[in-house]
Amino acid sequence: MTDDSTPAPLTPMVEAVDGADPDLVEIGRRYWNLAGFDKETGYPRWAETASAICDGRPYVAAAAGVRAVLADLACPICSGPLSLTSRAELQKIVSGQTPTKCVDCDPILLDSAARMINPSSTVRNRLDRHARQQRVQHLRQLHKDEQTAILLNDYEVQLQPDTPIPAASVREEVTTLALLSYAPNPAPFAPIEQWVDPLHPDVRQSGTCIAEAVGAKLLRIHPDSPIESFVWEPEDFDAAFNALDADNEADEEEQIRAVTVTDQYFPSRAIHYTTYGHSLDTAAAAVREHLEQRLDPAAMTKFRQGQLRDLAIEVLAEETVRYLDVLLQEHNLPAAPANHKDRLKRAAYDIAAIRPLGELYYLAWCSARGAAAAAQKNPRASKVNMTVHGVNQFESRARAALDRTRELRQFNRKAGLELAAITRTTFLHVLGSDPFTTSVDDINWPPPVPEASELLIDPYLDHRVKVAADTDFPHLRCSICGEHVPIGEAWIWVDIKDAFQYMHTSSQASTPEDHVDLMINHHRAPWGIGHSDCGPDTGALHDLRMPHTHRAFLAWTAEVLKYRWIDGTDLRAFLSEAATSTGRFGNPAHQDF
């Protein structure tokens, strides 16, 4: 038990030393700030511990700034009022001991205090540094509190149980379903950079997938996201602190609070949630049910089935590249360098259209083993060169494996290497297939959802809307049979394999003669328009219904620009013809139907 009452005769009166530095006076007042006396022991209790006030010897700093005087007691040496030399001295007096001397009769203490008053003294510099550190910590906390308040205001949790869940692309919906299925906690979702297994097999694309789902309004950013998840102006506390006006210290707290959050953030670091429910848990359940219905291949249009097919090829190819990188690392070799990564991925995407992941793993394993054997045979060779040798082997093996009659060994899962969440969702949840044994071509695709006779379907937005009979593209000619194609029956397509082949040939062109040969003898993969029955049927085809309007065509263009093979197609010429109703889009002034 303690008693906060303080016996008046033993309560020191604290007075500032004439001309003392205000900082030292403040330290002295804090040092002698008495909270009371313990009822049982009678010892003084202090408001702060001495070590919390300043570094070094706090009683010396206190003596340099103030005098703590017991007016009823006299110094045994000078007979003047007793000024206490330290807290320990007061405790001795409380215990009944006779005081020894006052501050002014202690030459060692006075000398130490005098050296502290000297601005060049080591002790004084230490005190100044401690004060500055405390000030910086205070400003840092103000800065953090302001950022937290901004996030709570700008990203306030919103629950919308009565708002319809928006339709989105297959990729965006699979991303959201993967979060719901594999996030450690779906209400809300933990930052994906904290996951043990990746969201997307190419970790660099995980954030992009999240951002796309946020853009589609399937996900929202949670206000509890780490401050570091966002881009701020100024960039961080250090930048804000360095920008403070040194001549205007009175306003530095206001200056440090002048922070704003931009519209950019790092999706992999942030916390997300779904909003379509009365609580985070019910919203997650509602969105899961919605997505499971939307992602049923039997309920998809042919356009959405094409999106699902493209995603399946993507995750198989990226899982293959990831597996190869892991094997190379196990052989103490680096991952494929950036200037060879695109070539590796082109080969992986090409073969992923027709082979299951088990066979793709086998190709990667053979290539990594070849790289390791070359490194062992040539110990002085650059390890990067040995990895490039492995990439070359994979490219050659993948090209040979395009022959469907060629049999390959089929590997299974690698211990310790779990498939990415989007890969598992795409195959196990949506397609109901084992990616190690089932290729994209092996999938038994159900018939797409038929169109209603009285409505045309916007093929990009994938919802039924009434459109005018006079579509923006009334004069289409089939690229195969040459006959007129009504807009409701028209499809567009491109051969992805040919696009990748053009990109590969283009990347090898290094001299003017090579570029001339490229222009004369090689052509970008052409986009075709025609009847569904006339379209080619290959294992690497990107096909979908023809958009009906310029607006829908523009939206479709924005979508396909995301694909890495798009530079290998004649998209620029295709868009030009669409804008002018010429060529494949058939100007009636020049063509007869």
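The values are calculated or read from the model by the stated rules, or taken from the named source; none is laboratory data. This is a predicted model, so every value here is computed, not measured. All Cβ positions, even for glycine, are placed from backbone atoms using ideal geometry, and neighbour counts span all protein chains on display. In case anyone asks, the SASA skips ligands and DNA or RNA and just uses the protein heavy atoms, side chains included. Shrake-Rupley method; radii C 1.70, N 1.55, O 1.52, S 1.80 Å.
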Worksheet item: Which listed residue (Gln194, His504, Val103) has the Cα farthest towards the positive end of the charge dipole for the chain, taking +1 on Lys and Arg C-beta and -1 on Asp and Glu C-beta about the Cα centre?
Response: His504
Worksheet item: Within the set Lys302/Lys345; Lys341/Lys414; Lys217/Lys497; Lys377/Lys414, which residue pairs have Cα atoms separated by over 24 Å?
Response: Lys302/Lys345; Lys217/Lys497; Lys377/Lys414
Item to complete: Write down the radius of gyration of the stretch 139-190 and its Dmax, each obtained from C-alpha positions, in Å.
Response: 16.1, 47
Item to complete: Order the following by accessible area, largest value first: Met386, Met300, Met13. Probe radius 1.4 Å; ligands, DNA and RNA are ignored.
Response: Met13, Met386, Met300
Response to the item:
Dividing the mean separation of Cα pairs under 8 Å (6+ apart) by the residue count of the chain yields a relative contact order in percent of 10
Worksheet item: Tell me which lysines have Cα within less than 21 Å of Lys39's Cα, excluding those fewer than 8 residues away on the same chain?
Response: Lys92
Worksheet item: Under a point-charge model restricted to the Cβ atoms of Lys and Arg (+1) and Asp and Glu (-1), what is the dipole moment magnitude of the stretch 1-115 relative to its Cα centre, in debye to the nearest 20?
Response: 220
Item to complete: Compute the acute angle (0 to 90°) between the alpha-carbon long axis of helix 383-401 and the principal axis of greatest extent of the alpha-carbon atoms of the chain; round to the nearest 10°.
Response: 30
Worksheet, complete the sentence: Row for the stretch 173-217, column shape: gyration tensor on C-alpha, a ≥ b ≥ c, rounded if a/c < 1.5 i.e. under 1.5, prolate if a/b over b/c, else oblate; value oblate
Worksheet item: How big is the stretch 302-379 by Rg and Dmax over its Cα atoms, in Å?
Response: 14.1, 53
Worksheet item: Given the convex hull over the Cα atoms of the stretch 146-295, what projected area results after averaging over all orientations, in nm²?
Response: 9.8
Worksheet item: Using +1 on the beta carbon of Lys and Arg, -1 on that of Asp and Glu, and nothing else charged, what's the dipole of the stretch 186-260 about the Cα centre, debye to 20?
Response: 860
Discussion item. If I compute semi-axes √(5λ) of the Cα gyration tensor in Å from the structure I just sent, which labelled value in (1) 49, 29, 21; (2) 76, 37, 25; (3) 74, 30, 24 lines up?
Written reply: (3)
Discussion item. Which GluC sites (Glu not before Pro) in the stretch 272-353 sit in a loop by DSSP (not H, G, I, E or B) and have at most 13 other Cβ atoms within 10 Å of their own Cβ?
Written reply: none
Worksheet item: Roughly how big is the chain's charge dipole about its Cα centre, with Cβ charges of +1 (Lys, Arg) and -1 (Asp, Glu), in debye to the nearest 20?
Response: 2020
Fill in: In Å², nearest 10: area of Val384 left accessible to a 1.4 Å probe
70
Worksheet item: What is the packing order of peptides 194-206, 85-97, taking the mean over residues of other C-beta atoms within 10 Å and listing the highest first?
Response: 194-206, 85-97
Fill in: Rounded to whole Å, sorted largest first: equivalent-ellipsoid semi-axes of the stretch 239-320, Cα gyration tensor
48, 20, 10
Discussion item. Compute the angle between helix 338-352 and the longest alpha-carbon principal axis of the chain, please, reported from 0 to 90 degrees and rounded to the nearest 10.
Written reply: 50
Worksheet item: Rounded, prolate or oblate: which one fits the stretch 31-111, using the alpha carbon gyration tensor with axes a ≥ b ≥ c (rounded when a/c is under 1.5, else prolate when a/b beats b/c, else oblate)?
Response: oblate
Worksheet item: Residues of the chain: accessible area per residue at 1.4 Å, in Å²?
Response: 50
